[in-house]
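Worksheet for the structure shown next.
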Amino acid sequence: MPTQANNLDAYWMPFTPNRRFKAEPRLVSRAKGMLYYTPEGREVLDATAGLWCVNAGHGRAEITRAIAAQTEELDYATNFNLGHPKAFEFASRLVNILPGDLNHVFFTNSGSESVETALKIALAYHRVRGKGTKTRLIGRERGYHGVNFGGISVGGIPKNRQYFGGLLTGVDHLPHTFDLARNAFSRGQPAHGAERADELERIVALHDASNIAAAIVEPVAGSAGVLPPPVGYLQKLRAICDRHDILLIFDEVITGFGRLGAPFAADHFGVQPDIVTLAKGITNAAVPMGAVAVRSHVHQAFMDGADAAIELFHGYTYSGHPLACAAGLATLDIYRDEKLFERAAAIAPHWEQALHTLREAPHVVDIRNIGLMGAVELAPIPGKPGERGQAIFHRLFDDGLLVRVTGDIIALSPSLIVAEGEIDRIVAAIREGLSQIA
């Protein structure tokens, strides 16, 4: 077969305007610490931890060595009716830092797979308890739960849903909690909006609790533009779910592993979910991996009530992959040894203070922050939603800063190793960039 030049055409890129990108590509070829480097050697400060996932910084030698050693020892083993030691070790290490009695872990390969797995576990859980009518799933507007059919069905981002037909039936959505009029420029959790959790009671009254399996929310909506929950909101959801025998699922793909200055958002907010979805920071993004953690009563229902030898007919070829488990164990060691969760909590006040100095910058209509997450929302160009976001993304990358944009929102999530000086550089670059775009 003849060799074809690398003209960028073969790769259909995800969540990217491919035609625009390939006309003016932006490439990185290596990374270390807080920095990416372009093929030409230009530094780009990473203000997004890759994609909410490189929590311990890029190029960690400890993780690289662990992956290499595991490749030499055991490159692959199925976990169907077989096992390998590191999968069990990693699951045990995870439950030691998970909140409450989230004592059982099912491994996946991504956040999207974790959500599909969690939804299937929720439905099967009620069935094995003899409550098979509890099949309805409750998501939330502006929620992001990956891109598989279950995830986009309970998710609430219109563009992720509109091209793919009828999706799953039996799904309702809570209203989102964003309230610019009452909560603009909030620091941490906004004061107003907890009452929007009461909409779950209306949905229960409409369908009856005997038909509702689970409600799934991100503790902090990330992909929609960093929307922290109003004070008391998650506590209300927990109470309503308890009242009606509804499982509460926290999608912690973004918030897990220190993003809020605690191991998990459930710890930060003091709310215990029944099921948690994990990915991203679980391996510092060095190897794709995800996980679903369930409380003891959920797991025990399958052990007691299954009508077949296999308690859960579900799994993936790469569930608990040896390389991913090795990467995950090394990642947990880094989080522990360098106290990165505590470090994130300690530097969060500086992050908040610096971010809110952008309040008077051009185009800014709102700033939101919690932990080491932040968003700067820009006024859209009339008739051209999203164009200002694209303009600032391109401008900042050219100026040596990588951010994420969702519509006209700059979303920020630096690695937990970020220094105060790097925070100041991020904010200064955004301020300068905003002064240069229309």
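Some notes on this structure:
- For the pair residue 161 and residue 7, the difference between a 0.36 nm per residue extended length and the Cα-Cα distance amounts to 52.3 nm.
- Counted residue by residue at 0.36 nm each, then reduced by the alpha carbon distance between them, the extension gain from residue 180 to residue 202 reaches 5.5 nm.
- For the cross-link pairs 120/339; 32/86; 134/339; 131/280; 22/159; 22/280, the ones whose C-alpha atoms lie over 30 Å apart are 120/339; 134/339; 131/280.
- Over 33 Å [Cα-Cα, the stretch 64-337], rounded percent: 20
- Within the chain, longest stretch free of exposed trypsin sites (Lys or Arg not before Pro) [DSSP loop, at most 16 other beta carbons within 10 Å]: 188-338
- What the Cα convex hull of the stretch 299-381 gives, in volume per residue, is 234 Å³.
- 12 Å beta-carbon shell around residue 350, net charge (K/R +1, D/E -1): -3
- Extension reserve of the residue 75-residue 15 stretch, reckoned as 0.36 nm per residue once the Cα distance is removed: 18.5 nm
- Under Karplus coefficients 6.51, -1.76 and 1.60, residue-wise ³J(HN,Hα) of the stretch 256-270 in Hz, glycine/proline x: x, 6, x, 4, 9, x, 9, x, 9, 4, 4, 5, 4, 8, x
- Amide H contacts of residue 186 (H built 1.01 Å from N, under 5 Å, at least 5 apart or other chain): 367
- For the stretch 96-135 versus the stretch 184-212, the inter-centroid distance based on Cα atoms is 22 Å.
- Dimensions (Å) - the stretch 1-152, Cα atoms, principal axes, largest first: 61, 41, 40
- Sequence-distant residues sharing a close amide H with residue 406 (under 5 Å, placed H): 411
- Debye intensity ratio in log₁₀ form over the Cα atoms of the stretch 259-310, taken at each q of 0.22 Å⁻¹: -0.90
- Förster-model FRET efficiency, 41 Å R0, residue 187 and residue 61, C-beta, rounded to 0.05: 0.65
- Label point 7 Å beyond Cα of residue 308 along Cβ direction - residues of the stretch 60-85 with amide nitrogen under 19 Å: 79-82
- Positive-end extreme of charge dipole, the stretch 118-267 - chosen from 124, 139, 224 (charges on Cβ): 124
- If only the Cβ of Lys and Arg carry +1 and only the Cβ of Asp and Glu carry -1, the dipole of the chain around its Cα centre is close to 620 debye.
- Every helix of 4 or more DSSP H residues in the chain counts as -39500 (n - 2.57), and over all residues that averages to -11000 deg cm²/dmol at 222 nm.
- Label-point separation, residue 365 to residue 342 (7 Å along Cα→Cβ), nm: 4.3
- Coupling constants for the stretch 84-100 follow from the phi torsions by the Karplus curve (6.51 cos²θ - 1.76 cosθ + 1.60, θ = phi - 60°), and in residue order they are 9, x, 5, 5, 5, 5, 5, 4, 5, 5, 5, 5, 5, 10, 6, x, x Hz; glycine and proline get x.
Coordinate-derived values only; no laboratory data. On a predicted model such as this, the values are computed, not experimentally measured, just so you know. We place every Cβ from the backbone using ideal geometry, glycine too, and count neighbours over all the protein chains shown.
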